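Worksheet: the structure to be examined is printed underneath.
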Amino acid sequence: MSFAKSKSTLLRIGAASAALLAPVIAFAQEAAPAVAEAAAAAPVPNKGDTTFMFVCTILVLFMLIPGLALFYGGLVRAKNMLSVLMQCTVIGSAIMIAWVLYGYSFAFGGSTNPYFGGFAKLFLAGVTPDSTAATFSDAVIPEYIFIVFQMTFAAITPALIVGAFAERIKFSASVLFCLLWVTFVYFPIAHMVWDANGLIFGWGALDFAGGTVVHINAGVAGLVGAIMVGKRTGYGKDMMAPHSMTLTLVGAAMLWFGWFGFNAGSNLEATGGAMLATINTFVATAAAVVSWSIVETFTRGKASMLGAASGMIAGLVVITPAAGIAGPMGAIVMGLIVSPLCYFFVSVIKNKFGYDDTADVFGVHGIGGLFGALATGIFASSALGGIGYAEGVTMGAQFFTQVKAVLVTVVWCGVGSAILFKITDVIVGLRVPVEAEREGLDLASHGEAAYHN
């Protein structure tokens, strides 16, 4: 074939190809502006919000280890110090794994079921560095930071429970129970309260950072555990005073420090709402410390360090559901009221009914969380300095909604915890032998001692 004929053939092929591709090219040209517009409209995570959430997340981790571990560790006898540190450390670690495997999906998997988040995000399916999670405004944050922030909540909540039955539970039982508990109690409640499709969220209940999800949940489970595991050997007869109030205060101070991540981070953005949660976390806690000390001065004649540390935790607990909702003056009032309530349950009710709640998990977290959840419905009022109610909602209606949210949490957690403690008892047994309890769980369960003389 001559060069001229080859050239003519190529030209005809090129013309035919151009004719075939013309509609495709035209469609692409027409679609390009729309694609560009959609890409421009897609929200991009703000670097400041992302950094803020990262800091808040590691602050909540600091609450668990070393904060909660040292707080509880100081409250038990020296022979059980390491056992508490181990329980907090291993339980927190196990729950972190459970959260990314299935917990995130169970809580925030996108299901429209009011009780369960579904299976869509098992093993973090579909989550990438580019996927985002919505905040309370039109902004977004990377989905990974939302996942790990919520993961720290899931990790610390079951660790709170162990303070109720410390010094006599098997290490294996504490870990197994907590894994079962987050699966059947915590994850569903987190979905109900915080997911847009959740039952309690749909009611319009207010829980900014976990009054129901964290503190009522942990407090009720702790009470059930204290009763079902039973009293410590020698309870009411042997000396069982905290072995180190110094470490307890160090742990409490770490909890207060980390709690700013807990409360301010629940705003999901570095805005004025986060700063409202910050000032409320300061003043409610300070008011509760002062209030507990005053109550002890009048009832015991002396204000104790244990009381001040307990008041610190009570103040942090009570403001958690209202942190970004109440005003600072309302936060102070909540802090002043919560300490007498918790003190009454710790010093009177516990003794009257005879249950052995080692670290007063129910008396502080349960009662503080319950009062805080209900008080949030009152102090959310703009007339009392709060951010106000949804349109058309009155204080009475909001308070009734808060009552319903509390009741659902108490019943779900109470019944579920009792069943799970029984299952744990059948599988591995709940209590260590009496000889091991007398020797101390540090040596009996872990083969080491916290202190050497």
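The values are calculated or read from the model by the stated rules, or taken from the named source; none is laboratory data. All values derive from a computational prediction rather than experimental measurement. Glycine also receives a Cβ, built like all others from the backbone with ideal geometry; neighbour counts cover every protein chain displayed. Areas reflect the complete protein model, heavy atoms only, side chains present, ligands, DNA and RNA absent. Shrake-Rupley method; radii C 1.70, N 1.55, O 1.52, S 1.80 Å.
List of remarks:
- Taking the 1.4 Å solvent-accessible surface of the stretch 399-453 as the whole, the part contributed by carbon and sulfur is 66%.
- Ranked by the mean number of other Cβ atoms within 10 Å per residue, highest first, peptides 326-337, 128-139, 44-55, 153-164 order as 153-164, 326-337, 44-55, 128-139.
- Each Lys or Arg adds one and each Asp or Glu subtracts one; over the other residues with Cβ under 14 Å from the Cβ of Gly230, this totals +1.
- Computed from the C-beta positions of Ser137 and Val393 and an R0 of 22 Å, the FRET efficiency is 0.60 to the nearest 0.05.
- Model label points for Ser172 and Ala196, set 7 angstrom from Cα along the Cα-to-Cβ axis, are 4.5 nm apart.
- Percent accessible area from carbon and sulfur atoms, the stretch 270-344, protein chains only, probe 1.4 Å: 80
- For the stretch 171-284: rounded, prolate or oblate by the Cα gyration tensor [a/c cutoff 1.5]: oblate
- Rg and Dmax, both from the Cα atoms of the chain and both in Å, are 26.9, 116.
- Counting 0.36 nm for each residue step from Asp130 to Glu435 and taking away their Cα separation leaves a gain of 104.3 nm.
- Span-like helix ranges in the chain, DSSP H, alpha carbon extent 20 angstrom or more, Kyte mean at least -0.5: 3-41, 47-62, 81-98, 143-161, 245-264, 272-300, 305-319, 328-344, 395-427
- Here's how it looks for Gly117: its modeled amide H is under 5 Å from those of Ala107, Gly109, which are all 5 or more places away or on a different chain.
- In Hz, Karplus ³J(HN,Hα) per residue of the stretch 200-215 (6.51, -1.76, 1.60; θ = phi - 60°; x = Gly, Pro): 6, 4, x, 5, x, 5, 9, 8, 5, 9, x, x, 7, 4, 9, 7
- Most to least packed among 317-323, 110-116, 94-100 [average Cβ atoms within 10 Å]: 317-323, 94-100, 110-116
- Global form of the stretch 288-376, assessed from the alpha-carbon gyration tensor, a/c cut-off 1.5: oblate
- A simple spin-label model places the labels of Phe119 and Leu101 1.6 nm from each other, with each point 7 Å out along Cα-to-Cβ.
- For Ala133, residues with placed amide H under 5 Å, excluding near neighbours: Ile141, Glu143
- Average accessible surface area per residue within the chain, 1.4 Å rolling probe, Å²: 42
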